[in-house]
Amino acid sequence: MKKVHFIGIGGIGISALARFLKEKGYIISGSDIKESKTTQELREEGIQVITPHCKEAITDQDFVVYSAAIKPDNIELKEAKAKGIICYSRKEALPFVLNDKKVYSVAGAHGKSTTSAMLASLIEGSVIIGAVSKQFGSNMRYTQSENVIFEADESDSSFLNSNPYLAVVTNAEPEHMEHYNYDLEKFHAAYRGFLERAKVRVINAEDEFLSTLKLDAIRLYPSTDITEVAMVVRDYQPYTSFNLKKLGKFEVFGLGFHIAIDASLAILAALDEISLKQIRQNLLSFKGTKKRFDILTANSKFVLIDDYAHHPTEIKATLKSVFEYAKLLGISRVVAVFQPHRYTRLSANIEGFKECFKGVDELVILPVYAAGEAAIPVDMKSEFKDYKPVFTDKLIRTQNGLEFTDEFGVKNSLNDGIVVGFGAGDISLMLRGEK
């Protein structure tokens, strides 16, 4: 049995690969810089995890896989190379992991986790995604099927190594441009290359770039193909119903037109695999994903939502759904708590961030979650002055809601209306009372 060591095993994408290979019969070990809920869960699943990184973690493994966050001077990576152990980046490991599978690969700047999890509810197969599906409580599901539903990542162009049989692209809005040397042509060429590698392609044909492609593809035109969209709340849980082309009516967990788009792409990707009747039935099994419009607590007075949105387009789409949700519940007050994620993203999209919170009654801003980046000066008070934002260093979850101390030392409470937290950093842990 081969032994594989994962450096940075606590990451959402790399932990899924580790779990997948463990189920395939490999002996898995891993390490991370510090303890997390994921490292604890992996131990409970029988994986040896060491924190923090140390060279003793490298023993006689057959090969090592390291996450994109791991730098060349990492003590374990250096030790592995010194011992002559083959080392793969996550990107380089994908062909090995996926080479004998029929891969349904989902990419896009926004909506790929949700679309992947929806597709996983429709098609029988293993699942490797960058979010926790509430349907099966993990970012990985293993089956003996040749099918794998895989969330493909454009941030390091690793989607080009995902061996797609079927490729879905939700949109191709520029993101992670630093990896592409801020060259839009290079970025678009990567998406084109991803689609060209697949036998079957499903695309959002109203995306600015995707609409220009001449490739043979199943095309979704959301503005005309998706009709009669209606939203409903049952026991505080949101659902969206819609008609898709001439295929009839569908209902899916989640709220908003963007949810209907994600579901439509998943439905079109599954059409050749299972019957329409089965698709309609299986879609009801989708229960959302953790951190995407994730309702943590809800009653007639107070609703707390955790949302992973960390780009202006995503925040705007989620807030549109939040306003609709508030209207359906008869709640008038909406508060947004924003933790900017990465200085490069904040500075590159500052105009979009200034616009996307329009309509909220209050904006609370946390410090930038740097994710290892060097600081880029942004005058947050000046840039967001129109919202009269409140600044704080930390949120504290209480029995009745949230508390925080603002920059003037004044204690504040958030315990009425709808409060929605936005960010891909540790804001989720704060909202859940885990930090």
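The values are calculated or read from the model by the stated rules, or taken from the named source; none is laboratory data. Computed from a predicted structure; not experimentally measured. Note: ideal-geometry Cβ built from the backbone for every residue, glycine included; neighbour counts use all protein chains shown. Accessible surface is based on the protein model in full, side chains and every heavy atom, while ligands, DNA and RNA are left aside. Shrake-Rupley method; radii C 1.70, N 1.55, O 1.52, S 1.80 Å.
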Near K91, which lysines are there with a Cα under 17 Å away, not counting those fewer than 8 places off in the same chain?
K71, K101
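Which percent, nearest 5, of DSSP beta bridges in the range 43-198 are antiparallel?
15
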DSSP loop (so not H, G, I, E, B), at most 13 other Cβ within 10 Å: list which chymotrypsin sites (Phe, Trp or Tyr not before Pro) in the range 60-143 pass both filters.
none
If I365, I50 are ordered by their accessible area, calculated over protein heavy atoms with a 1.4 Å probe, which sequence runs from highest to lowest?
I50, I365
Residue pairs, from the table K245/K277; K34/K78; K214/K354; K214/K249, whose Cα atoms sit over 26 Å apart
K214/K354; K214/K249
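At 1.4 Å probe size, with every protein chain present, just tell me what the per residue accessible area of the chain comes to in Å².
Per-residue value: 44 Å².
For the chain, report the convex hull volume of the alpha-carbon atoms normalised per residue, in Å³, without decimals.
So the per-residue Cα hull volume is 147 Å³.
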Of R43, R397, R192, which is the most mobile in a GNM of the chain whose springs link Cα atoms less than 10 angstrom apart?
R43
I need the fraction of alpha carbon pairs in the range 353-396 separated by more than 12 Å, rounded to a whole percent.
66
Straight distance only, please: which lysines reach the Cα of K37 with their own Cα at less than 22 Å, same-chain residues fewer than 8 apart left out?
K22, K134, K287, K290, K291, K394, K435
Please give every one of the aspartates and glutamates within straight-line cross-link reach of K327, meaning a C-alpha to C-alpha distance under 16 Å, and leave out same-chain neighbours fewer than 8 residues apart.
D235, D361, D416
The chain: antiparallel DSSP beta bridges as a percent of all, rounded to 5
35
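For the chain, what's the relative contact order in percent, using C-alpha pairs closer than 8 Å and at least 6 residues apart?
This gives 11 percent for the chain.
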At 7 Å along Cα-to-Cβ for each site, give me the label-to-label distance between E44 and I86 in nm.
3.4
Quick one: compute the contact order of the range 95-221, relative version, from alpha carbon pairs under 8 angstrom and 6+ residues apart, as a percent.
26
In whole angstrom, how long is each semi-axis of the equivalent ellipsoid of the range 101-235, when you take the square root of 5 times every eigenvalue of its Cα gyration tensor and sort them from largest down?
24, 20, 15
Counting only protein heavy atoms and a 1.4 Å probe, tell me what percentage of the range 40-189's accessible area is made up of carbon and sulfur.
49
Per residue of the chain, what 222 nm ellipticity follows from adding -39500 (n - 2.57) for every DSSP H run with n ≥ 4, rounded to the nearest 500?
-8500 deg cm²/dmol
Classify the range 202-359: rounded, prolate or oblate, from the alpha-carbon gyration tensor (a ≥ b ≥ c, eigenvalue square roots; a/c under 1.5 rounded; otherwise prolate if a/b is larger than b/c)?
oblate
Take the Cβ-Cβ distance between E23 and A68 as r, set R0 to 22 Å, and report the resulting FRET efficiency rounded to the nearest 0.05.
0.40
